[in-house]
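The values are calculated or read from the model by the stated rules, or taken from the named source; none is laboratory data. Quantities reported herein were computed from a predicted structural model and do not represent experimental measurements. Cβ placement follows ideal geometry from the backbone for every residue including glycine, while neighbour counts extend to all protein chains displayed. Quick note on the areas: whole protein, heavy atoms, side chains included, nothing else; ligands and nucleic acids left out. Shrake-Rupley method; radii C 1.70, N 1.55, O 1.52, S 1.80 Å.
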Amino acid sequence: MSCLIFFPWLEVKGRTELGSLALVPYERGSAPFGPGNKEQDACDGVLAPYHDGSHPIRKATLLEHDGGMFGAVSQEATGDFFVFRDVVACAALSEREFFGHGFPYWNFAYFEMIIQSFDDPHGSVPVTTRRRDGRTTHHMTRDVYSIRRPFHVTPAIGMKIDVDLASALLTAKDKSSIWHEYYDAIYNFNQANTDSNETSEAQEAVMLIGAFQRALCCAGSSEDELSGRIMTVFKPYIHVDIQTSEKIKNFKHYTVKALTLMEAWVHDFYQLRGENAHGKRLPRRPLVWASTEHLLLAAYLFPLILKLRLQQDGFYKLTDDDEADLTAFEPLLESKCLEQTPDGKSWVWSEVWCNFRSKFFNE
């Protein structure tokens, strides 16, 4: 029995090799094997049920392993392939630029990965689903089996993967004694960035705090421990005086007790997480930052904290772009990041991010 591993909703520009595996562009009828080729026909058959509207998807991504596309996959290898998927997804999410600038947007849902065994690529499809009391498998004919591209996933031409970050994580997988902490961190981060309506903002907040805790190897779930560990790695990038912060001064509900704006944000985010983690759908007290702001800021910051941690452990070296993004974080905290600029032509987030990156590179 043959097996094909593919990402039906993912489009990569070109072949991307990472360790012993490679992401390979697929195009119906032509790539990667060429028109009329038997292996191309097999790929076209297996991917035919995956639709973009009323037609089979035209482009996708295949996973090359063991020097080919169709080799058998063991149970152990299956686990390794999903770890690889999570590493690549995290490295791609770290490259997102929010609020436009002409760049496409992507989320973790783009990285859905299918491992499909088959005898006849045009025959029935075995579909295994979970139950609380086990699993069940249905064999579905091709005229019945059809999967539509999720509405929150659109073709992402120009998707970028931070290959240096992915390589650092794969090296940590092989060499780090705390790889399980790294993997728990990126797994939680990815799951918090699906953009699916099936996942609530409350769940995303819990997973994001968990991602920071695991990346920083927190011993417990203490708010003060998480704050202290983030402050330790982030300290060189603290530039905004909390005493002059308009964000803090305009918040009248209670006195914010923190020495830095970053510390205030961590404690505020933890309050959001704490309410949700204890079964409260909505926070019971006012927050300095709205929940949507927290999720955006955390999505921006986590890959940078991950890189700082990987650098501490000798697996990564910060780039100038990383340093510039870290320098911009506190100004983003201080801004009304989800609002448009007064002229309505741009977003506050974009202007703050671009201005502080520009200052960094011009100093």
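Observations on the structure shown:
- Looking only at residues in the stretch 61-79 that are part of a loop (DSSP other than H, G, I, E, B) and within 13 Å of ILE5 (Cβ to Cβ), the one that is most open to solvent (accessible area, probe 1.4 Å) is ASP66.
- Helices (runs of 4 or more DSSP H) fully within the stretch 141-250 counting 1 or more residues that are within 24 Å of the chain's Cα centre (by Cα): 163-175, 179-191, 201-215, 223-234
- Single residue of the stretch 167-181 satisfying the filter (hydroxyl-bearing (Ser, Thr, Tyr) and in contact (Cβ under 8 Å) with a residue 12 or more places away in the chain) that is least open to solvent (accessible area, probe 1.4 Å): SER176
- Exactly one residue out of PHE82, PHE111, PHE98 is open to solvent by 50 Å² or more (accessible area, probe 1.4 Å), under 30 Å from ALA298 (Cα atoms) and in contact with a strand residue (DSSP E or B) (Cβ under 9 Å, 6 or more places away or on another chain): that is PHE82.
To keep it simple, each residue is scored yes or no on (1) of a type outside the set (S, T, N, Q); (2) surrounded by 11 or more Cβ atoms within 10 Å (Cβ to Cβ); (3) closer than 21 Å to TYR26 by Cα.
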| site | (1), (2), (3) |
| --- | --- |
| TYR105 | yes, yes, yes |
| MET140 | yes, yes, no |
| ASP143 | yes, no, no |
| PRO150 | yes, yes, yes |
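- Cβ separations smaller than 7 Å between residues 6+ apart or across chains give the following pairs from the stretch 211-230 residues that are buried (at least 18 other Cβ atoms within 10 Å of the Cβ) to residues that are of a type in the set (Asp, Glu): ARG214/GLU181; ARG214/ASP184; CYS218/GLU225; SER227/GLU263.
- Single match in ASP164, ASP120, ASP133, ASP184 (criterion: open to solvent by 70 Å² or more (accessible area, probe 1.4 Å), modelled with pLDDT of 90 or more, within 30 Å of LEU301 (Cα to Cα) and not small (Gly, Ala, Ser)): ASP164
- Some residue of the stretch 319-328 being open to solvent by 20 Å² or more (accessible area, probe 1.4 Å), assigned to a helix (DSSP H, G or I), farther than 22 Å from THR194 by Cα and among the small types (Gly, Ala, Ser): no
- Residue count for the stretch 16-41, restricted to those that are of a type in the set (Ser, Thr, Tyr), closer than 20 Å to ALA172 by Cβ and part of a strand (DSSP E or B): 1.
- Within the stretch 49-60, tally of residues that are in a loop (DSSP other than H, G, I, E, B), buried (at least 17 other Cβ atoms within 10 Å of the Cβ) and not β-branched (Val, Ile, Thr): 1
- Only a single item in (1) hydrophobic (A, V, I, L, M, F, W, C); (2) farther than 17 Å from PHE81 by Cα; (3) not in a loop (DSSP other than H, G, I, E, B) is not met by ILE115, and it is number (2).
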